[in-house]
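Inspection log for the structure reproduced underneath, given as structure tokens.
The values are calculated or read from the model by the stated rules, or taken from the named source; none is laboratory data. Being a predicted model, the structure only gives us computed values, none of them experimental. Cβ: placed from backbone, ideal geometry, glycine included. Neighbour counts: every protein chain shown. Accessible surface is based on the protein model in full, side chains and every heavy atom, while ligands, DNA and RNA are left aside. Shrake-Rupley method; radii C 1.70, N 1.55, O 1.52, S 1.80 Å.
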Amino acid sequence: MAADAAAGEEAAAGGTPEAESPAAQATATTEAPAPVDERRQPWLEALQAELGEALVGHEIAGGDVWVRVDSRAWRRAVVACRDRLGCDYFCFLSGLDWKADVDLAAEKVWDPEAQPSAPAAGANGGYRTGVAGGDTRFQVFARLFSTSAKVGITLKADLDEEDPRVESIVSLYRGAEWHEREAWEMLGFTFDGHPGLRHIYLPGEFEGHPLRKDFPLLSRDVKPWPGLVDVEAMPGEPEGGGDAEGADAEGAGAEGGEG
Amino acid sequence: MGLVESGHMPKPLTQLLNTARKYSLWIYQWGLACCGLELGAAIGSPRYDIMRLGVIPFPSGARQADLVVIAGTVTDKMSPPIRRLYEQMPDPKYVISMGSCSNCGGPYWDSYSVTKGVDQIIPVDVYVPGCPPRPEALLEGIVLLQQRIQQEDMASRWRGDPIVVGA
Amino acid sequence: MAVVTEFQKAAYVAGQAADARVNVEIEAEGMTLNIGPQHPATHGTLRIVVRLDGEQVVWAEPVCGYMHRGYEKLTEVRTYPQVTTLVNRIDWLGSFANEVPFILAAEKLMDVEAPPRAQWIRTALFELGRLANITLFLGDMGVQLGALTPVFYAFRDREHVLNLIEAATGGRFHPNYDRIGGLKEDLPKGWVTEVKSAMSRIRTFCDEMEDLLVGNEIFETRTRGIGLVPAAVGLEYGLSGANIRASGVDWDIRRDEDSPLAWKHCDWKVWTHPDGDCFARYWVRLQEVREATKIVEQLLDGLPSGPIQAKVPRIIKVPAGEAWVHTDNPLGEMGYYVVSKGGLGPFRTKIRTPSFSNISILPWLLRGVYVPDVITILASLYFILGDIDR
């Protein structure tokens, strides 16, 4: 059944770093001697050789590999994945907005540790970013997969906040056309060379980009989030413990007036 | 101008016509989302068998239908076609709103693209709550609607509060 | 009722003419035919605009978005346990299969693993979701080609699977049964024996479908050689699941990836078909249903005992990080790219739905086919609107 995959994972988990330790040591971002993923490490090295300086961040963890490239090398990175690594399957393309969201975070009243919406400041604009890093507000990411090697890779690129713009990859993977239209509509990214960026989901007169963090959900402005009861204490007890099932009926009744 | 339009129908004749109408409801299926499959089960499954209630599924178009079941989420993009097809139906026409989404928006109450209730676009006669409602709930809604049709006066069509199944 | 004036009559006629113009538009170089958004031949509200030359399609453009409900935005304002309620409704026929990858992604970020019994039950319900989904396809394909009988068989036998799902989870359609670290509750008493009899019913159903459709001359004529998808093109467009296996690509995430779910403990086969036409897609799905019944039976035979819930905090907070988990859902590869910042809810969830990519091939695939084949191709690609539009 899953013999290949299991063997690969076991080897990775068991830790056989001597197999390719010189290269691994030279390229690993994390200083800890993490076990080397034998199937993904060669991919990363191939990309490093191909892209050179344009590869600005990478991480291999949990059976997955992330590579962050310069946005000017976006198309080059996809070409490298397709031609050098044999990625024949286009999985998805999307993007994300690292901005800590002002309105929605304030509405998450049930979250005592919500991130204060810090104003953009500092080297990376005050954005707390995820694996493989990120310097600007917007990030485009795509996932490609090789059905022969059964390994996938996630590519990322930082985009400019004022004018998020990146080269289109439709000519490389035809399936990217709809995904890029979606990213254009949802996040406002522009893809240079796309055959026709137009609305795919929303009606033509729709204004704004819903997946941007500053896009408000108007219904939530009118009415507070009723999911508050989820983290309410049980009626009888001070706090914590108990099961969540019983909290619904009592909690909803008790909190009705307050909300 | 016939008897019906004149508004002077003898009561027994009204009863007779109403009985005929309630057992020959052509139901236009709006299988929009998940509820559409429960509607499909009510129509297509031998277990529920909607036709035994005198409800006839699959008319060729909205122009032949008496009853429309809005089964599923109504989005802002979908609203104009729904309105248009509703206007194409000949009077007297009835609307069943099936499922939380078309009743009030349901789990998508805060979404940016979902219409919060189909009753913002067209008048609704029966609300069937549930997410999705079981086919039995839809059948009950239809039976309640048929009872109302039986009581209807041809001249002034009954315009009261809508039915809410299970309430 | 008021008397109808001449003006109203004229307005009515004008309205009818306007409606007619929208649906059929005669143009200089051909005819533009609009199918949908509400059309019996498209299950759900997919709209397809095709330009015809005689009876041949020269250009086709699917218009989606009539069922766009904004899942990706809504997950950002829900807590992790609440997200499963939403994502259940993406592919509404095989609902449980939608929850699993999301929960697995959250577990991966939290570094929690559900106990073996929970994983086995998850896998069994995952496959029951597949049965509930694909049995309907097997019947519905007949309806699209003009055979009304199979869909009644499908609805009849699908009820058995839905009853099982309802008995175990409480919901016919949307189980919402999966929890981070385990399951909502254990299986009810006597469920396992019920499943056994239902699985043999489903296998009988498969045989009936084979008798009714697969050997049927009309069915074969209308599906063989229609809608050919070469493997390379299919992969480029992101086709997955049975659609790409019908083009000869031997790739099944259940088998090829190391997942905490229990497929690796079962003996089953991934079927492929070299042809890549509508018939191949039907045939592969038919075999997939048979294999799924085998998987369910084997899982329930070897169901381990023990707890069904790992220890997780009552208020679930997921540590910061990013995780990508995908599974081979009834419709194809479904994946969740979850970005967490350590809060109660996901910071960003990219939902990779199979139908969206499966349908994106249509402009390429429909070029040059005849109008009746449009419906065959649509039916054989098998999409769920919620899965396209999210």
From phi via Karplus (6.51, -1.76, 1.60), per-residue ³J(HN,Hα) for the stretch C:59-68 in Hz, x at Gly/Pro: 7, 9, 9, x, 10, 10, x, 6, 10, 6
Starting from the Cα of residue C:166, move 7 Å in the Cα-to-Cβ direction to define the label point; list residues of the stretch B:48-66 whose amide nitrogen is under 16 Å from there. B:48-50
Magnitude of the Cβ-charge dipole of the stretch C:70-357, K/R +1 and D/E -1, about the Cα centre, nearest 20 debye? 980 debye
What are the residues whose amide H is under 5 Å from the amide H of residue B:33, where those residues sit 5 or more places off or on another chain and H is modelled from the backbone? B:72, B:73
Nonlocal amide H pairs with residue A:165, under 5 Å, H built at 1.01 Å: A:160, A:190
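Around residue C:386, under 11 Å between beta carbons, what's the net of Lys plus Arg minus Asp minus Glu among the other residues? Don't skip to the answer; put the middle values down first.
Details: positive: C:69, C:89, C:390; negative: C:91, C:387, C:389.
Net charge in that neighbourhood comes out at 0.
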Protein accessible surface hidden between C and A, which excludes ligands and nucleic acids, total in Å², probe 1.4 Å: 5400 Å²
How big is chain B along each principal axis, measuring the range of its Cα positions in Å and listing the largest first? 50, 34, 33
Which lysines, on any chain, are close to residue C:196 with Cα under 28 Å apart, when same-chain ones fewer than 8 places away are left out? C:184, C:264, C:269, C:294
Under the 7 Å Cα-to-Cβ spin-label approximation, residue C:311 and residue C:207 lie apart by a distance in nanometres of 5.1 nm
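List the trypsin sites (Lys or Arg not before Pro) within the stretch C:222-261 that DSSP assigns to loop and that have no more than 16 neighbouring Cβ atoms inside 10 Å. Walk me through the intermediate numbers first.
Details: sites: C:222, C:224, C:245, C:254, C:255; in loops: C:224.
Counting only loop positions with at most 16 other Cβ atoms within 10 Å, the trypsin sites (Lys or Arg not before Pro) in the stretch C:222-261 are C:224.
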Tell me, what ³J(HN,Hα) does each residue in the stretch C:194-211 have, in order and in whole Hz, if you take phi through Karplus 6.51 cos²θ - 1.76 cosθ + 1.60 with θ = phi - 60° and put x for Gly and Pro? 4, 4, 4, 5, 5, 5, 5, 4, 5, 5, 4, 4, 4, 4, 4, 5, 5, 5
Quantify how strongly other chains surround peptide C:170-179 by giving the mean number of their Cβ atoms within 10 Å of each of its Cβ atoms. 2
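What does the C-alpha gyration tensor say about the overall shape of chain C? Classify as rounded when a/c is under 1.5, otherwise prolate if a/b is larger than b/c, or oblate. Could the numbers behind the result be given before it?
Working: a/c = 1.86, a/b = 1.49, b/c = 1.25.
Note, shape of chain C comes out prolate.
Starting from the Cα gyration tensor of the stretch B:39-92, take the square roots of the eigenvalues, sort them a ≥ b ≥ c, and report rounded, prolate or oblate (rounded when a/c is under 1.5, otherwise prolate if a/b is larger than b/c, else oblate). Please report the intermediate quantities before stating the final value.
Working: a/c = 3.08, a/b = 1.49, b/c = 2.06.
Oblate shape, in that a/c is at least 1.5 and b/c is the bigger or equal ratio.
Would you mind putting A:141-154, C:336-349, B:139-152 in packing order, based on average other-beta-carbon counts within 10 Å, highest first? All intermediate terms of the calculation are to be shown ahead of the outcome.
Details: A:141-154: 21.0, C:336-349: 22.7, B:139-152: 18.1.
Answer by packing, highest mean first, reads C:336-349, A:141-154, B:139-152.
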Can you list residues whose amide H is under 5 Å from residue B:114's amide H, if they're 5+ apart or on another chain and H is modeled 1.01 Å from N? B:76
Packing-wise, with mean Cβ within 10 Å as the measure, how do B:125-138, C:306-319 rank, highest first? B:125-138, C:306-319
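Which whole number gives the average, over all residues in C:336-348, of C-beta atoms from other chains lying within 10 Å of the residue C-beta?
Working: counts 0, 7, 0, 7, 1, 7, 3, 6, 9, 5, 0, 9, 9.
What the average comes to for C:336-348 is 5.
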Suppose R0 equals 51 Å; then what is the FRET efficiency for residue C:191 and residue A:45 from their Cβ-Cβ distance, rounded to the nearest 0.05? 0.50
Express the carbon and sulfur contribution to the solvent-accessible surface of chain C as a percent, rounded to the nearest whole number, probe 1.4 angstrom. 56 percent
Could you derive backbone 3J(HN,Hα) for the stretch C:151-157 from the dihedral phi with the Karplus parameters 6.51, -1.76 and 1.60 (θ = phi - 60°), listing whole Hz in sequence and x where the residue is Gly or Pro? 5, 5, 4, 5, 5, 5, 7
